[in-house]
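The values are calculated or read from the model by the stated rules, or taken from the named source; none is laboratory data. This is a predicted model, so every value here is computed, not measured. Glycine gets a Cβ as well: all are built from the backbone with ideal geometry, and neighbour counts include every protein chain shown. Please note that ligands, DNA and RNA were not included when accessible areas were found on the heavy atoms of the full protein model with its side chains. Shrake-Rupley method; radii C 1.70, N 1.55, O 1.52, S 1.80 Å.
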Amino acid sequence: MVAILLGPPGAGKGTQARRLEEDLDIPQISTGDILRDHVARGTDLGKQAKQYMDRGELVPDQLIIDLIADRIDQDDAAAGFLLDGFPRTIPQAVALDGLLRAREVPLRAVVLLDVDDEVLVRRISGRYLCRECGEDVNTGGEEPPEACPKCGGELYQRDDDRPETVRKRLEVYREQTAPLVDYYEGESLLRRVDGSGEVDEVTRRIKVAIKG
Ligand code: AP5
């Protein structure tokens, strides 16, 4: 089964995709995570992508489409996958349609996580990550603890979580990604889900939207 989690920065796509992987028995494919891994390893793609990511802009479509074409052909994606952060532009959505058609795999659902801007900004500004274990410690706007509560590792904020970059990411979402709502509504694939409230409750709503 192939499904997409769509929504603005901070909507909870990554949080929810990681929880749904086990339940749906398909891997999460996050273009943001793949790009951050390239940046950390200093690959050519990582060096190119970093310039765009640090400005809160989208990485050029063709780089992302090639990356996804490669990733969905890996063995663990044979039974399907859950896309998180892709597609993000109309050309990416059109390319995905072509990739799925060529592999004769249908797209089951596109779940749009609806969350107010005020909540998005609070979630992003409160996000601290552990350098050691990757734990996501969200303070909800309060000061962060001195170290990771799980392993004692150092906490840091993503470079693109700075307030001016977050404003740019939200603007880019409205201009370049929000048109996908009409695109998938036109294909009767869009399911709107309230992404606010408890994480467990949002997971439950998404499961109903995908399976129902
Ligand atoms: P990417 O990594 O995809 O980031 P994003 O979607 O902009 O933002 P987030 O990761 O913040 O959003 P999320 O919805 O996953 O929220 P999360 O679950 O983390 O992309 C980064 C950059 O890479 C882009 O700007 C672009 O440059 C590039 N890129 C990536 N894909 C691309 C593409 N396809 N094309 C071109 N460029 C691309 O949650 C956020 C926080 O909120 C967490 O701390 C979490 O714990 C918390 N939280 C989540 N749910 C709840 C809840 N229900 N209640 C309370 N807190 C919650």
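A single entry from D66, D37, D73 fulfils the requirement of being under 28 Å from G140 (Cβ atoms) and either basic (K, R) or open to solvent by 60 Å² or more (accessible area, probe 1.4 Å) (or both): D37.
Would you check which residues across segment 16-34 are open to solvent by 60 Å² or more (accessible area, probe 1.4 Å) and in contact with an Asp or Glu (Cβ under 9 Å, 6 or more places away or on another chain) and list them?
Taking segment 16-34 first, the residues open to solvent by 60 Å² or more (accessible area, probe 1.4 Å) are 18-19, 21-23, 25, 33.
Hits for segment 16-34 are R18, R19, D33.
Evaluation of Q157 against the conditions (1) within 27 Å of L67 (Cα to Cα); (2) crowded, with 17+ Cβ neighbours inside 10 Å; (3) free of Cβ contacts under 8 Å to residues at least 60 places away in the same chain; (4) in contact with a Ser or Thr (Cβ under 9 Å, 6 or more places away or on another chain) shows that the sole unmet condition is (2).
Only residues that are of a type in the set (V, I, T), more than 8 Å from the ligand (Cβ to nearest atom) and under 25 Å from K50 (Cβ atoms): list them for segment 16-33, please. Can you show your working first?
Just the residues of segment 16-33 that are of a type in the set (V, I, T), to begin with: 26, 29, 31.
Among the residues that remain, those that are also more than 8 Å from the ligand (Cβ to nearest atom) are: 26, 29.
Scanning segment 16-33 gives a single hit, I29.
Of the residues making up segment 123-138, those that are touching a Lys or Arg at 6+ places or on another chain (Cβ under 8 Å) and within 7 Å of the ligand (Cβ to nearest atom) are R127, D136, N138. With respect to the conditions (1) open to solvent by less than 40 Å² (accessible area, probe 1.4 Å); (2) within 12 Å of the ligand (Cβ to nearest atom); (3) more than 25 Å from Q62 (Cα to Cα); (4) outside any helix (DSSP H, G or I), G141 lacks only one, and its number is (1).
A single member of R108, R123 is touching a Gly at 6+ places or on another chain (Cβ under 9 Å), part of a helix (DSSP H, G or I) and open to solvent by 10 Å² or more (accessible area, probe 1.4 Å), and it is R123.
Every test in (1) among the hydrophobic types (A, V, I, L, M, F, W, C); (2) near the ligand (Cβ under 8 Å from one of its atoms); (3) out of contact with any Pro (no Cβ under 9 Å at 6 or more places or on another chain); (4) assigned to a helix (DSSP H, G or I) is passed by I64 save one, and that test is (3). Annotation for segment 190-212: at least one member residue is over 13 Å from E57 (Cα atoms), outside any helix (DSSP H, G or I), at pLDDT 95 or above and open to solvent by 80 Å² or more (accessible area, probe 1.4 Å). The set of residues from segment 1-15 being more than 8 Å from the ligand (Cβ to nearest atom) and surrounded by 23 or more Cβ atoms within 10 Å (Cβ to Cβ) comprises A3, I4, L6.
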